[in-house]
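Structure first, then comments.
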Amino acid sequence: MTATPLAPIAERAQAPATLPEITAGSLTWRPASVDDAPALVALYGAVGDADREPYRESLEEVHDDLAAPWRSLDTDSLLGFDADGELRASGFVNTAPGDVRAVRAFVFGNVHPERRGEGIGTQLQAWLIARARQVLAASGKELPARIATFAEDDAPESKLRLHEQGGFEIRRWFADLKRPIVDGEPVPEVALSGSLRLVPWSDELDEPARLAHNDAFRDHWGSEPQTREQWTNGRSEFAPTWSYLVVDDAPDVDALLADPSTDEETAASLRAGEPLVVGYQLASRYEGDFALRGYSFGYTDLLGVRRAYRGRRVAVVALAAGIRAFAADGMDAAVLDVDTASPTGADGLYARLGYVKVSGSHMASIEL
């Protein structure tokens, strides 16, 4: 079946010439800056408390997000302040510079619990969607396009209804999983085969790990390759001593170069004789969430295996190494988040290792 050709992105995006005005709540609006990080942390905390979200963002995380070099805060953010100068609402449109299969604009809006029910959220969402359409139209990328947002599955009905009224439809579900360490099953002992070797994460292998990640997630819905800037940004909570890589000390370079699915960056790395990372488990320590959850934990941010190396127990070995590192530092549990429709069957792997679901979230989008 032949796919229907896409109309030009400038046409599909239906970008408005001007952005809608936000008048509800009599707030004063301006773009965000990096200096607003403390006020945003307070706003996000109040929203998280009211909505019973299972996480909180630290000052360092928010600062890193605002300072990302590709961000355009002057045009793609909006903060609403009351008469006393207190931050009462925020909105951001985020894009990712590495998008090559679909061009995406992520929208995030928050209204302080004390100011809900005044229509601020409805008007803010309209502004965010309109600005996202402008950003997508201006991208010039003739690709499938998406305006996306996220919510916890048990978020207030008003928030879920707001997304639905804005035209968002749920496309993907994610499960937050927990594996007890202290009272959990023993971590399996699994050996790697052939020339594969488990090594601790290191600066020298971080770029090869990025290339492995881009290969591993090429067949995951909604995933796009990460540029070097994206890969290294936002690591304020990154835990190097909890992170592990699997390398191939004797890869079949000729076979990999002959494989049409090998991306150009990996091919160039192979020709240069650089190390080949084939799997990775990168973890973070979100210590600010320990009290919120009622237990300490190590969090696996990313777990992946190059497609040519699947079926060789690489993921099990890397994840098991991370769990042992969590245990060695006295953590109560191992935690991670998984796409419930992952093409690699990752949810089955986690179930076999003793992970169980504790909460869920979803991505909703407007497809263009």
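The values are calculated or read from the model by the stated rules, or taken from the named source; none is laboratory data. Note that the structure is a prediction, hence the values are computed from the model and not measured. Every residue, glycine among them, receives a Cβ derived from its backbone with ideal geometry; neighbour counts consider all protein chains shown. All accessible areas refer to the heavy atoms of the entire protein, side chains included, with ligands and DNA or RNA removed. Shrake-Rupley method; radii C 1.70, N 1.55, O 1.52, S 1.80 Å.
Evaluate the following for G117: is it of a type in the set (G, A, S) and either farther than 20 Å from D49 by Cα or in a helix (DSSP H, G or I) (or both)? Judged against the criteria, G117 is not a match. Figure legend. Inter-residue proximity from region 349-368: first residues closer than 13 Å to A334 by Cβ, second residues of a type in the set (D, E), beta-carbon distance below 9 Å, spacing 6+ or different chains. Indicated pairs: L353/E185; G354/E185; Y355/D347; V358/D176. Just one of the listed residues (A334, A325, A346, A318) is among the hydrophobic types (A, V, I, L, M, F, W, C), at pLDDT 95 or above and under 19 Å from Q226 (Cβ atoms), namely A318.
With respect to E229, is the statement that it is touching a Ser or Thr at 6+ places or on another chain (Cβ under 7 Å), within 25 Å of A67 (Cβ to Cβ) and either open to solvent by less than 10 Å² (accessible area, probe 1.4 Å) or not polar (S, T, N, Q) (or both) true? Taking the combined requirement at face value, the residue does not satisfy it.
Kindly check whether there is at least one residue in region 235-243 that is more than 23 Å from the chain's Cα centre (by Cα), open to solvent by 50 Å² or more (accessible area, probe 1.4 Å), at pLDDT below 95 and over 16 Å from A333 (Cβ atoms). No: zero hits. If only residues of region 21-42 that are touching a helix residue (DSSP H, G or I) at 6+ places or on another chain (Cβ under 9 Å) and among the hydroxyl-bearing types (S, T, Y) are counted, the one that is least open to solvent (accessible area, probe 1.4 Å) is S33. Looking across region 85-120, the residues that are open to solvent by less than 20 Å² (accessible area, probe 1.4 Å) and either on the phi > 0 side of the Ramachandran plot or without any contact (Cβ under 8 Å) to a residue 60 or more places away in the chain (or both) come down to L87, S90, G91, V93, A105, V107. Entry remark, region 292-339: residues being assigned to a strand (DSSP E or B) and not β-branched (V, I, T) number 12 in total.
A212 meets each of the listed conditions (1) within 29 Å of G330 (Cβ to Cβ); (2) at pLDDT 95 or above; (3) of a type outside the set (D, E, K, R) apart from (1). Of the listed requirements (1) in contact with a Phe, Trp or Tyr (Cβ under 8 Å, 6 or more places away or on another chain); (2) open to solvent by 10 Å² or more (accessible area, probe 1.4 Å); (3) more than 19 Å from E152 (Cα to Cα); (4) not polar (S, T, N, Q), G279 misses just one: (2).
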